[in-house]
Amino acid sequence: MNTKNHPWENIYARDGRIFTEPFSAFNSVAKKFSQNQCRKILDLGCGNGRHVVALMNLNFGTFGLDISPTGLSLTREWLEDEELPANLVCGDMRHNLPFNENCFDGLISTQVIHHSLLAEIRNTISEIWRVMTNGGIAFVTVAGKKHDDTPYDEIEPGTFVPLEGSEKGLPHHIFTEEELYREFENFQIQEISLRDKGRVRAIWLKKIA
């Protein structure tokens, strides 16, 4: 897997630990994981480790996967600073995930899976289904709106690539609510909400096989 020129590898190599605090809804996400007795959680697209560290500090068994070796190195350093074990895997979620079926009873992925073409996103959703246990729950956020002040090229219907800025060259598929229901139809969709002035769509999923 060649990650040398992937936009996220370039971002972490250039800017370092850019995400230092958990996502704004993290406490409610962790509470729901606890209420559902989740014990093994996958942070899909863990980046520099903010949610891996936070979940491990709450005693959840947590695995992190990211495409960026530099992001994973930053995560590993952070875990070492906190004296926490590191369960980290370098992988590309656009392809098959390197985990067995029915492996995780919880999953978190914030602002990650929409950074692909729709066909690749569909494969990621299929892989999320495969690696989750029956009854497992997932919290996923995706892009719901473009930034108005950034120029984009539309490379396929609903998928845009910024022409400038820190995420230049990185695809952004913009999801409508109807599209989320359609693409996640195999899951029980428990809740869909808008955040950050409509720029983020958050979805709670449950696998019912």
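The values are calculated or read from the model by the stated rules, or taken from the named source; none is laboratory data. Everything numeric here is computed off the predicted structure, so don't read it as measured data. Virtual Cβ from ideal backbone geometry, glycine too; neighbours counted across all protein chains shown. Ligands, DNA and RNA are excluded from the accessible area calculation, which covers all protein heavy atoms including side chains. Shrake-Rupley method; radii C 1.70, N 1.55, O 1.52, S 1.80 Å.
Computed about its Cα centre, the charge dipole of the chain is approximately 500 debye, with only Lys, Arg, Asp and Glu carrying charge at their Cβ. Counting other Cβ atoms within 10 Å of each Cβ, which GluC sites (Glu not before Pro) in region 108-209 have at most 11 and sit in a DSSP loop? Those satisfying the criteria are GLU164, GLU185.
Basic side chains Lys and Arg get +1 at the Cβ, acidic Asp and Glu get -1 at the Cβ, and with that the dipole of region 129-209 about its Cα centre reaches some 460 debye. Charge dipole (Cα centre; +1 on Lys/Arg Cβ, -1 on Asp/Glu Cβ; no other charges) of region 1-96 amounts to roughly 380 debye.
Straight Cα distances below 21 angstrom link LYS31 to the lysines LYS40, LYS206, LYS207, with same-chain residues fewer than 8 positions distant left out.
Note on the chain: antiparallel DSSP beta bridges, both residues inside, total approximately 55 percent of the bridges counted. Checking every one of the trypsin sites (Lys or Arg not before Pro) in region 151-208 against DSSP loop status and a limit of 16 other Cβ atoms within 10 Å picks out LYS168, LYS197, ARG199. Of the residues GLY169, GLY136, HIS6, the one whose Cα sits farthest toward the positive end of the charge dipole of the chain, with +1 on the Cβ of Lys and Arg and -1 on the Cβ of Asp and Glu, is GLY136. Annotation: per residue accessible area for region 1-106 equals 51 Å², rounded to a whole number [probe 1.4 Å, protein chains only].
Once the other residues with Cβ under 12 Å from the Cβ of THR133 are scored (Lys, Arg +1; Asp, Glu -1), what is the net sum?
+3
In whole percent, how big is the carbon plus sulfur part of the accessible area of region 5-129, probe 1.4 Å, protein atoms only? C and S atoms contribute 44 percent here.
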